[in-house]
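The structure appears below as structure tokens.
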Amino acid sequence: MLWSLQSSAVKDPVDYVTTLVGTQSRFELSTGNTYPATALPWGMNFWTPQTGSMGDGWAYTYNAEKIRGFKQTHQPSPWINDYGQFAIMPITGKLVFDQDQRASWFSHKAEVAKPFYYKVYLADHDVTTELVPTERAAMFRFTYPETKDAYVVIDAFDRGSYVKVVPEENKIIGYTTKNNGGVPENFKNYFVIKFDKPFTFTSTVKDNTILPNEMEVQTNHAGAVIGFSTQKGEIVHARVASSFISPEQAELNLKELGNNSFDQLVAKGKETWNREMSKIEVEDDNIDNLRTFYSCLYRSMLFPRSFYEINEQGEVMHYSPYNGKVLPGYMFTDTGFWDTFRCLFPMLNLVYPSMSQKMQEGLVNAYKESGFLPEWASPGHRDCMVGNNSASVVADAYIKGLRGYDIETLWEAVKHGANAHLNGTASGRLGYEAYNKLGYVPNNIGIGQNAARTLEYAYNDWTIYTLGKKLGKPESEIALYKERALNYKNVYQPERKLMVGKNDQGVFNPKFEAVDWSGDFCEGNSWHWSFCVFHDPQGLIDLMGGKKEFNTMMDSVFVIPGKLGLESRGIIHEMREMQVMNMGQYAHGNQPIQHMIYLYNYSGEPWKAQYWAREIMGKLYSATPDGYCGDEDNGQTSAWYILSALGFYTVCPGTDQYVLGAPLFKSAKLQLENGKTVTIKAENNNCENRYIKEMKVNGKSYSRNYLTHEQLTKGANIQYQMNKMPNKQRGVSEKDAPYSLSVE
């Protein structure tokens, strides 16, 4: 039995996915802050059962007992919340619209949650609801009991909505405008719903008042309720689609369903997920590892979301979330580069480069339409997080060989973003004037998180420099960015061997405590941020006094109790998540420190990276509702697991290097889009044997602590001999260390 399960991991990887991973979350403590997104890879529309109230960012939580509806959602996180949302809910018995009155008890025992299919039994209404998505459409299948009072509620939500019932076509059309920012004034999500059963009851809803036989309503909170008589077990289908462009485009998007039956759409959806997921095949004796891996891969293939549509002529078009116009070309959204530059985008560049190319085209359009690259888009510019990491996303794609888009426009875009800021958003660089003048962002000019900004801007400058060099730009144009890439040194305090904020007179923060959260840092403390020198670890090692001192500082992160620093500010969920994981000050649930363990490869102790990579994978991830150790964050925390399980991580996007950890699986295979294959075999690999005794690449002994993009994309045969004891002679020479700017 185990053999057949193991084999099917390669054949049908989506069978190992549960979309409920990370849903057992709440405001105070995140174990993912996810919802069960029923969608196709990078789909424009997701669908989720809605347990939360209208407008609640926690749209679905595992511990909830009732479902209020099935919501079309575009939410990237509960903190950013949703836009373009509306809900559908089958009910029986009393005619109601109110979200609490229509809500029904449900049980996870009567729930099936897969990427391509969702099913649940609504106990209070004796109705089974199933749904299957395409990129821009979906089909519902409702199984009713025998009743004269079978209804479907359509809720277009508040803040301005419109609904029209068209009985002669068994159709409902409308739009929703509900959003939480980042949209132009003319924003609407137009929807169309077609049923395969004639209505015996029709009504619209105006601000919670049901209006029988009224066919059209435009108000703050519009809705509709339609009804019919049903026999026991009678099935009613609803075909749904939407568009950000127009009502006509919504009708066109409905054609994605074709003439397929519900079951045919399920089969097609499963085939799509399997096709994309099978580009990474893993085999393992531990079925839980397979479940965790493929559930993480699913999360890594949701965002950034497609925000484009196909018109009647077959042309790619999009409604611009930046200027409100309908324009040609690709657009993607719902991603925060502060999170996803680290390894989500590098993973896509390796495994799904054709999608990444479209995403780069989308960035070209975003810049043309708004004058800035977004740092946090949902769907347009938002004010969230710090840094200018769009530069990293652009640079890494080009360095990794992606072509076929307007890189010259993106070159102008990254330079512009380094020397400007878009008011009211995170786009560009807040504090760029001071940073460009002083070489750091001071902590006394009214800009918070200043040390964190300095560290990210320095790395971002390096990505601009390295992209310019690859493009053959003159030294006169790129030298400044290389110089600024060393600005991380300006917030390093030698006495403490840590990064510390300082004022515009160069005085370091006299009240500094390394464990204190926030202030000069962003969602973390100095222990998390002091290692954020992705592009120059050797330079950081030199600052700290050499490898021995550097390793002592790294080791200290895991030793200092996690409870320290919790009193430094009001508790935010990231602080609590670090504390309860019992790994000292290591806060894997948040992004700044996620690369840190891989820095042991630069400091002559690569076996520690191997130890901690396996420790984190084993302890902090699982395929359960509490399967993450903090916010999943648009695929980043999942992509960390995907790459780390394969045995490497992208410490410095913008280089061509993948820094080694320890492979989780006995066997893994990457089927690259260029037709080449990367095969990874790890002999004697198990829970105890987490250390690399010996490594071979294409049959030759290999001591370096990194692999290159070129090595992988040419096709590679990578072999590990694993052991329970570390090999302290392997990977310890200077030539084995990955890239650092200081030794360029």
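The values are calculated or read from the model by the stated rules, or taken from the named source; none is laboratory data. This one's a predicted model, so the numbers in the text were calculated from it and none came from an experiment. Neighbour counts run over all protein chains shown; Cβ positions are idealised from the backbone, glycine included. When the accessible area is computed, the model is the full protein with side chains, heavy atoms only, and any ligands, DNA or RNA have been set aside. Shrake-Rupley method; radii C 1.70, N 1.55, O 1.52, S 1.80 Å.
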Query raised in the report: Looking at (1) open to solvent by 20 Å² or more (accessible area, probe 1.4 Å); (2) within 30 Å of G562 (Cβ to Cβ); (3) small (G, A, S), which is the only condition A452 fails?
Result: (1)
Query raised in the report: Within the stretch 164-187, can you find the residues that are without any contact (Cβ under 8 Å) to a residue 60 or more places away in the chain, open to solvent by 20 Å² or more (accessible area, probe 1.4 Å) and either aliphatic (A, V, I, L, M) or closer than 29 Å to P374 by Cβ (or both)?
Result: T177
Query raised in the report: Name the residues in the stretch 413-457 that are closer than 26 Å to P379 by Cβ and without any contact (Cβ under 8 Å) to a residue 12 or more places away in the chain, would you?
Result: H421, N423
Report task. Residue by residue through the stretch 463-472, note down the ones that are buried (at least 24 other Cβ atoms within 10 Å of the Cβ) and more than 24 Å from the chain's Cα centre (by Cα). Result -> Y465, T466, L467
**Report entry** Residue ranges of strands (runs of 3 or more DSSP E) in the stretch 631-743 with at least 3 members under 27 Å from K11 (Cβ atoms)
**Finding:** 667-671, 677-683, 716-723
Query - Failed condition for T204, given (1) buried (at least 16 other Cβ atoms within 10 Å of the Cβ); (2) part of a strand (DSSP E or B); (3) touching a helix residue (DSSP H, G or I) at 6+ places or on another chain (Cβ under 9 Å) - result: (3)
Query raised in the report: Between residues in the stretch 30-44 that are small (G, A, S) and residues that are assigned to a loop (DSSP other than H, G, I, E, B), which pairs lie under 6 Å by C-beta distance while being six or more apart or on different chains?
Result: S30/G630; S30/D631; G32/G22; G32/S25; G32/Y628; G32/E632; A37/L302; G43/E135
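For (1) modelled with pLDDT of 95 or more; (2) among the aromatic types (F, W, Y); (3) farther than 29 Å from I310 by Cβ, each residue gets a yes or a no:
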{"site": "N180", "(1), (2), (3)": "yes, no, no"}
{"site": "F199", "(1), (2), (3)": "yes, yes, yes"}
{"site": "D207", "(1), (2), (3)": "yes, no, yes"}
{"site": "H237", "(1), (2), (3)": "yes, no, no"}
{"site": "N259", "(1), (2), (3)": "yes, no, no"}
Report task. For the stretch 210-245, enumerate the residues that are of a type in the set (S, T, Y) and surrounded by 16 or more Cβ atoms within 10 Å (Cβ to Cβ). Result -> T219, T230, S242, S243
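Out of all the residues in the stretch 149-163, which are open to solvent by less than 10 Å² (accessible area, probe 1.4 Å) and either of a type in the set (F, W, Y) or without any contact (Cβ under 8 Å) to a residue 40 or more places away in the chain (or both)?
The answer is F157, and nothing else.
Name the single residue that is most open to solvent (accessible area, probe 1.4 Å) among those in the stretch 502-527 being farther than 22 Å from Y435 by Cα and among the acidic types (D, E).
Here is the first cut: in the stretch 502-527, the ones farther than 22 Å from Y435 by Cα are 511, 513-517, 527.
Of the ones still in play, those that are also among the acidic types (D, E) are 513, 516.
Values: E513: 108, D516: 47 Å².
Looking at the filtered set, the residue picked out is E513.
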**Report entry** Residues satisfying the stated conditions in the stretch 528-551, i.e. without any contact (Cβ under 8 Å) to a residue 40 or more places away in the chain and either surrounded by fewer than 24 Cβ atoms within 10 Å (Cβ to Cβ) or part of a helix (DSSP H, G or I) (or both)
**Finding:** G546, K548
Report summary line: Here the qualifying pairs (Cβ atoms under 7 Å; residues six or more apart or on different chains; first in the stretch 350-364 and closer than 20 Å to Y319 by Cβ and charged (D, E, K, R); second open to solvent by 10 Å² or more (accessible area, probe 1.4 Å) and modelled with pLDDT of 95 or more) come out as K358/Y330; E361/G329; E361/Y330; E361/Y405
Query - Scan of the stretch 1-51 for residues that are open to solvent by less than 10 Å² (accessible area, probe 1.4 Å), modelled with pLDDT of 95 or more and assigned to a helix (DSSP H, G or I), ordered by number - result: P13, V14
Query raised in the report: Pick from the stretch 285-322 the residues that are surrounded by fewer than 20 Cβ atoms within 10 Å (Cβ to Cβ) and within 26 Å of T31 (Cβ to Cβ): which of them is nearest to the chain's Cα centre (by Cα)?
Result: D288
Query raised in the report: Can you tell me which residues in the stretch 564-613 are of a type in the set (D, E, K, R) and open to solvent by less than 10 Å² (accessible area, probe 1.4 Å)?
Result: E577
**Report entry** Test for K489: is it free of Cβ contacts under 8 Å to residues at least 60 places away in the same chain, surrounded by fewer than 21 Cβ atoms within 10 Å (Cβ to Cβ) and within 32 Å of the chain's Cα centre (by Cα)
**Finding:** yes
Query - Verdict on E632 being touching a Ser or Thr at 6+ places or on another chain (Cβ under 7 Å), of a type in the set (D, E, K, R), touching a residue at least 12 places away in the same chain (Cβ under 8 Å) and surrounded by 21 or more Cβ atoms within 10 Å (Cβ to Cβ) - result: yes
Report task. Starting from residues that are more than 25 Å from the chain's Cα centre (by Cα) and free of Cβ contacts under 8 Å to residues at least 24 places away in the same chain, keep the ones in the stretch 261-281 and report whichever is farthest from M317 (Cα to Cα). Result -> D263
**Report entry** Any hit, the stretch 342-354, residues being open to solvent by 20 Å² or more (accessible area, probe 1.4 Å), out of contact with any Ser or Thr (no Cβ under 6 Å at 6 or more places or on another chain) and modelled with pLDDT of 95 or more
**Finding:** yes
